[in-house]
1. Please sort by residue number the trypsin sites (Lys or Arg not before Pro) in segment 73-146 whose DSSP state is loop and whose Cβ has at most 10 other Cβ atoms within 10 Å.
2. For the chain, give the percent of accessible area contributed by carbon and sulfur heavy atoms, probe 1.4 Å, rounded to a whole number.
3. If you compute Cα Rg over 2.2 N^0.38 Å for the structure shown, which of [x] 1.36; [y] 1.09; [z] 1.02 do you land on?
4. Quick one: Karplus J couplings for segment 146-159, per residue in order, coefficients 6.51, -1.76, 1.60, θ = phi - 60°, nearest Hz, x for Gly and Pro?
5. Looking at the square roots a ≥ b ≥ c of the eigenvalues of the Cα gyration tensor of segment 1-65, which shape do they give, rounded for a/c under 1.5, prolate if a/b is larger than b/c, or oblate?
6. Return the sequence-ordered ³J(HN,Hα) values of segment 85-98 in whole Hz as given by the Karplus equation 6.51 cos²θ - 1.76 cosθ + 1.60 applied to θ = phi - 60°, using x for Gly and Pro.
7. Near Glu50, within a Cβ-to-Cβ distance under 11 Å, what is the net charge of the other residues, with Lys and Arg +1 and Asp and Glu -1?
8. Per residue of segment 29-36, in order, report the coupling 6.51 cos²θ - 1.76 cosθ + 1.60 (Karplus, θ = phi - 60°) as ³J(HN,Hα) in whole Hz, putting x for Gly and Pro.
Amino acid sequence: MEAALENKILRAKELARSGDADGAALLADELIAAHPREMQVWLLRGYLHERTDNHVAATADLTHAIELDSREPHLFYTRGRNRFQLGDNAGAIEDFDSGLELCDRLENDYYREELHFWRAEALIRLGRTEEALQNLSHVRDDHRAWTYQLRTKLDLLRDCRS
């Protein structure tokens, strides 16, 4: 990716973090118009939609990013989180599975623990507690993440046993 495009993406993220969601969205839309075949601009807009809890739009943008480049576990992790927020637990699990398969193929463990944690959370929602417990065996005891609220591994283990 060219440096100028990378700088504009960083600028949009800075705008969002500083509270200028409209400015960030406008810049993201401009980048998509100028670079529609660049996965990073779709990921950016998906990120901006997720920040405003527009999970439908975030999922759509992340799907487009995956269509452009499906070799990044982060894309499946992020889309899975958005699908989870929409109550699409089966779809979220599919994304987390895809992310874990990529982690294996690429020998990249960066997202592995988060993928297992979120997959366990989605499995619990579907009543598949034995599978959730298997996933939690890959998660550190002190792990926590904000799913629908701040959740710890212990929270998920309790849910599996209740």
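1. Loop-located and lightly packed - Arg140.
2. 46 percent
3. Entry [y].
4. Working through the residues one at a time gives 8, 9, 9, 7, 5, 10, 10, 4, 4, 4, 5, 4, 4, 5 Hz.
5. oblate
6. Computed from phi, the couplings for segment 85-98 are 4, 7, x, 8, 5, 5, x, 4, 4, 4, 5, 5, 4, 4 Hz.
7. +2
8. 4, 4, 5, 5, 4, 7, 9, x
The values are calculated or read from the model by the stated rules, or taken from the named source; none is laboratory data. No experiment lies behind these values; they were computed from the predicted model shown. Note: ideal-geometry Cβ built from the backbone for every residue, glycine included; neighbour counts use all protein chains shown. Quick note on the areas: whole protein, heavy atoms, side chains included, nothing else; ligands and nucleic acids left out. Shrake-Rupley method; radii C 1.70, N 1.55, O 1.52, S 1.80 Å.
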